[in-house]
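**Q** The structure is given below, and queries will be raised subsequently.
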């Protein structure tokens with residue numbers, strides 16, 4: 001039975017889908033990974049850091065270090081995002097959850113295709129950009145040739161920009177496509193671009209609704225953090241006086257430096273800061289989980305609008321491994337199943353009972 005009504009009300013389901021502990025944990029890991037790599041990238045002195053946090057001792061480094069860290073960040077984020085999208089897709093399409101192991105296996109099987117997607121989009125735009133480069137070279141030599149080639153260069157530049165724009169704008173749909181249908185980088189890009197360009201007004205409407213719901217989720221998590229800080233400050237104020245509570249709030253929000261406190265011990269301030277940071281990472285993990293779930297929902301709504309596909313239609317590796325016979329489909333299912341493929345191979349084979357006299361023998 002479908003859970004989706006194919007209206008804007010379906011975004012309410014994403015709030016409950018994002019509450020899954022596995023998805024919140026994966027989202028929290030994404031935020032923690034981002035914070036660590038931001039600190040490593042700050043060795044270039046190009047990125048700011050909060051007061052009180054020192055830059056890595058092996059700095060300063062050049063821009064090449066920033067590029068290397070950015071690639072490492074995207075390598076991990078692309079896999080975590082596919083894992084989150086796959087978990088949300090199973091919840092939305094089949095109304096069941098998957099384990100952390102299944103998320104990990106699927107992420108490392110198909111996350112590499114999402115990692116390659118931005119680079120493939122740039123490669124697709126490269127043949128269209130090369131004539132523009134040739135026109136720029138002509139401009140430095142023959143002005144007449146450059147003037148004649150200008151209209152053609154403008155057309156190619158427009159086409160290259162259009163390819164890049166479509167690839168960037170449909171990037172959220174590419175992860176959702178891999179999570180729902182599987183496939184490789186080209187299938188994810190082409191399917192996302194097809195749905196995004198077939199109904200751009202619907203895509204803009206539903207993505208705008210998704211951003212509005214995301215703002216609501218962020219506001220809810222900010223309210224949770226404010227309540228947590230308020231309860232801590234009130235409790236501390238009842239025991240040690242309200243001036244200490246005010247200092248606790250001011251220091252935590254960065255209004256007052258920790259060294260300027262009079263009633264608040266430095267050790268207590270550090271403990272509260274660490275505790276609230278952990279709560280903030282978990283709250284951010286929920287927002288990340290909601291973001292990925294709503295991306296999958298936008299993809300399902302757009303797919304239904306374009307070709308009337310029901311939400312229950314998705315890539316099930318167990319069913320594909322047992323029923324499909326083509327080598328490509330079995331290989332794709334094996335990647336999604338990981339080590340479970342051998343177990344399915346044993347359970348897939350039927351057994352025949354042969355009666356010999358009064359005894360029964362089971363043969364494969």
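Read-outs: derived from the displayed coordinates by stated rules, not from any lab. Computed from a predicted structure; not experimentally measured. Cβ: placed from backbone, ideal geometry, glycine included. Neighbour counts: every protein chain shown.
**Q** Roughly speaking, what is the centre-to-centre gap between the range 99-126 and the range 72-86 when only Cα atoms are used, to the nearest Å?
**A** Measuring centre to centre over Cα atoms gives 8 Å.
**Q** Looking at the range 15-122 from every direction and averaging, what is the projected area of its Cα convex hull in nm²?
**A** Hull-based average projected area comes out at 8.9 nm².
**Q** Moving to a separate point now. Got a sec? How would 247, 187 order by Cβ neighbour count within 10 Å, fewest to most?
**A** Final ranking by Cβ density, sparse to dense: 187, 247.
**Q** I need 298, 120, 63 ordered by Cβ neighbour count within 10 Å, fewest first.
**A** Fewest-to-most ranking of 298, 120, 63: 63, 120, 298.
**Q** With the contact rule set at Cα under 8 Å and sequence spacing of 6 or more, what percent relative contact order holds for the range 144-223?
**A** It rounds to 21 percent for the range 144-223.
**Q** Based on alpha-carbon centroids, what's the gap between the range 1-42 and the range 172-234 in Å, whole number please?
**A** 9 Å
**Q** Now for a separate question. If we sort 285-291, 69-75 on the protection proxy, mean other Cβ atoms within 10 Å, highest first, what's the order?
**A** Output ranking for 285-291, 69-75: 285-291, 69-75.
**Q** Give me 106, 203 sorted ascending by neighbouring Cβ count inside 10 Å, so fewest comes first.
**A** Ranked by crowding around the Cβ, least crowded first: 203, 106.
**Q** Still on this structure: To the nearest 0.05, how large is the calculated FRET efficiency for residue 57 and residue 15 if R₀ is 35 Å and r is the Cβ-Cβ distance?
**A** The formula returns an efficiency of 0.20 here.
**Q** Pairs of Cα atoms under 8 Å, at least six residues apart: use those to get the relative contact order of the range 13-78, whole percent.
**A** Relative contact order for the range 13-78 comes out at 29 percent.
**Q** Which whole-number percent is the relative contact order of the range 151-308 (Cα, under 8 Å, 6+ apart)?
**A** With pairs under 8 Å counted, the relative contact order is 30 percent.
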